[in-house]
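The values are calculated or read from the model by the stated rules, or taken from the named source; none is laboratory data. If you're wondering where the values come from, they're calculated on a predicted model, not measured in any experiment. Glycine gets a Cβ as well: all are built from the backbone with ideal geometry, and neighbour counts include every protein chain shown.
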Ligand SMILES: [Zn+2]
């Protein structure tokens, strides 16, 4: 890889939101959503985007292919087992990328080799070396991963890593696949391998830690302290089971404690918050309010302090500023801002609007400005997200009326437009939201199971915008939806409709 000496002076951030997190339960994305996230990851300046696992499905292949062609800046990589077919398919998907990497992996623990691969260690090693060599024929940037490394025999790890490097691997990843390590043991493993495997001196050592014991970030940082120069991580710490190392935590820990690490990442940290918001919206998985860096309360002590006291108090309570991660809730625009002022603010928030989109969103903004005195950035982002979502609108909620109160049975009437058709229904429910969902199900003739449902205020005042995020399930697949409105029942109905539109967009529309 060119610029190797430069790159070793910082920690490479390898984002696997689109692969590891996307494979986690309930987090499926369509291709255009993946491309949208990949563009945001490029703005965030991650070094490597793992765009998918091309051989696993046509959607995965197509996503990797489109990201390779459209997203400029980061190295694009695709996952492949140590078999020729996987590598062929990954190489084909990555063809259009300016910088491409093939990431091939095998399992190295006794459990995995015996029960999953059903191979003897020698066979695993031979196939790994062959696969790396084969991948190196397509690109000089090849990563090799030893799945379940933390439960593997260290002697065998040393052998297989050396063989992979001799075959052409330029990055060697040591995953804590099952989240079993603790920082001391993980750091010691990285140090041991770097000392005992001669080839590791010339390649990048990488970590990939899962969060089953809540230690993914801590283990990744222990890896860095012991010489790892790539961290694999995801936005919001999403990933299989309890998740992966959280990108925002790893990056901000390294930056905030540069005194300790003596090294930094190349991440454009003011893009962190928006990346988190985008992934929340598109995957439909909300962030816990007390989540480090990107949770709603991560900088919340601010709200209790008077503006004039804030500056004096900041350093006493804050180890980093909200602005450094892109949280800027204090900016207010209103009617007085005008169309131009609104456009400028949208651009500052990272949204490029054409005239047509601007007209639509500006009209919505003025409606909101009439309902609310102050419009915050979060409100604008919520509006834009809502309007610019790249999902075909099979169903559009045209009208909704709910009635509920003490002593009455909650009911809802909805009118939904589908192409030329007008679908209208009324229903009862356990509460107004339930009644609205029932009415929508009847009108659309879609009966999907509601898997989870969250509502929250986007900004803090009684006139706040309400945001509803939910998931609906059919069989083993789930579909996310999000809706925003000053009325919480309407936000919920919009979220339900948007989940149905996701469902339809994935080719589930029966004859349609
Ligand atoms: Zn993983």
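Observations, loosely collected:
- Consider segment 142-164 and keep the residues that are in a loop (DSSP other than H, G, I, E, B) and either within 16 Å of the ligand (Cβ to nearest atom) or free of Cβ contacts under 8 Å to residues at least 12 places away in the same chain (or both). The one that is farthest from residue 121 (Cα to Cα) is 148.
- A single entry from 55, 83, 89, 11 fulfils the requirement of being more than 16 Å from the ligand (Cβ to nearest atom), more than 28 Å from residue 351 (Cα to Cα) and surrounded by fewer than 17 Cβ atoms within 10 Å (Cβ to Cβ): 83.
- From the list 27, 38, the lone residue that is in contact with a strand residue (DSSP E or B) (Cβ under 6 Å, 6 or more places away or on another chain) and either outside any helix (DSSP H, G or I) or crowded, with 24+ Cβ neighbours inside 10 Å (or both) is 38.
- So residue 404, is it more than 28 Å from residue 425 (Cβ to Cβ), at pLDDT 80 or above and in contact with a helix residue (DSSP H, G or I) (Cβ under 6 Å, 6 or more places away or on another chain): no
- Only residues that are modelled with pLDDT of 80 or more, farther than 20 Å from residue 273 by Cα and not in a strand (DSSP E or B) were counted in segment 364-398, giving 10.
- Search result, residues across segment 195-204 that are under 14 Å from residue 160 (Cβ atoms) and part of a strand (DSSP E or B): none
For (1) under 22 Å from residue 141 (Cβ atoms); (2) outside any loop (DSSP other than H, G, I, E, B); (3) modelled with pLDDT of 95 or more, each residue gets a yes or a no:
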| site | (1), (2), (3) |
| --- | --- |
| 206 | yes, yes, yes |
| 222 | no, yes, yes |
| 233 | yes, yes, yes |
| 241 | no, no, no |
| 254 | no, yes, yes |
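- Unique match (being within 16 Å of the ligand (Cβ to nearest atom), in contact (Cβ under 8 Å) with a residue 24 or more places away in the chain and surrounded by fewer than 24 Cβ atoms within 10 Å (Cβ to Cβ)) among 229, 241, 274: 241
- Residue identified as away from the ligand (no atom under 16 Å from the Cβ), in contact with a helix residue (DSSP H, G or I) (Cβ under 6 Å, 6 or more places away or on another chain) and at pLDDT 95 or above among 45, 66: 66
- Checking segment 171-191 against the condition returns a match, with at least one residue being assigned to a helix (DSSP H, G or I) and touching a residue at least 40 places away in the same chain (Cβ under 8 Å).
- Condition check for residue 46: part of a loop (DSSP other than H, G, I, E, B), farther than 18 Å from residue 240 by Cβ and touching a residue at least 60 places away in the same chain (Cβ under 8 Å): yes
- Scan of segment 83-122 for residues that are in a loop (DSSP other than H, G, I, E, B) and within 30 Å of the chain's Cα centre (by Cα), ordered by number: 83, 95, 96, 97, 98, 99, 108, 109
- Test: residue in segment 180-193 that is within 16 Å of the ligand (Cβ to nearest atom) and out of contact with any helix residue (DSSP H, G or I) (no Cβ under 9 Å at 6 or more places or on another chain): no
- Test: residue in segment 250-266 that is within 16 Å of the ligand (Cβ to nearest atom) and under 23 Å from residue 469 (Cα atoms): no
- Counted residues, segment 208-220 - those being away from the ligand (no atom under 13 Å from the Cβ) and assigned to a helix (DSSP H, G or I): 2
- Exactly one residue out of 449, 398 is in contact (Cβ under 8 Å) with a residue 12 or more places away in the chain, under 24 Å from residue 284 (Cα atoms) and more than 29 Å from the chain's Cα centre (by Cα), and it is 398.
- Qualifying residue in segment 111-123 (condition: closer than 26 Å to residue 11 by Cα and touching a helix residue (DSSP H, G or I) at 6+ places or on another chain (Cβ under 9 Å)): no
- Among the candidates 361, 344, the residue that is modelled with pLDDT of 75 or more and either farther than 24 Å from residue 278 by Cβ or surrounded by fewer than 15 Cβ atoms within 10 Å (Cβ to Cβ) (or both) is uniquely 344.
- Only one entry in 274, 339 is at pLDDT 80 or above, closer than 22 Å to residue 256 by Cα and assigned to a helix (DSSP H, G or I), namely 274.
- First in segment 5-21 and modelled with pLDDT of 95 or more, second anywhere and surrounded by fewer than 16 Cβ atoms within 10 Å (Cβ to Cβ), Cβ under 9 Å, 6 or more apart: 11/263; 11/264; 11/266; 12/266; 13/45; 13/266
- Strands (runs of 3 or more DSSP E) enclosed by segment 409-506 - at least 1 residues per element that are modelled with pLDDT under 85 and in contact with a helix residue (DSSP H, G or I) (Cβ under 8 Å, 6 or more places away or on another chain): 449-457, 466-474, 477-485
- With respect to being surrounded by 18 or more Cβ atoms within 10 Å (Cβ to Cβ), away from the ligand (no atom under 16 Å from the Cβ) and either farther than 29 Å from residue 24 by Cα or in contact (Cβ under 8 Å) with a residue 40 or more places away in the chain (or both), residue 167 fits the description.
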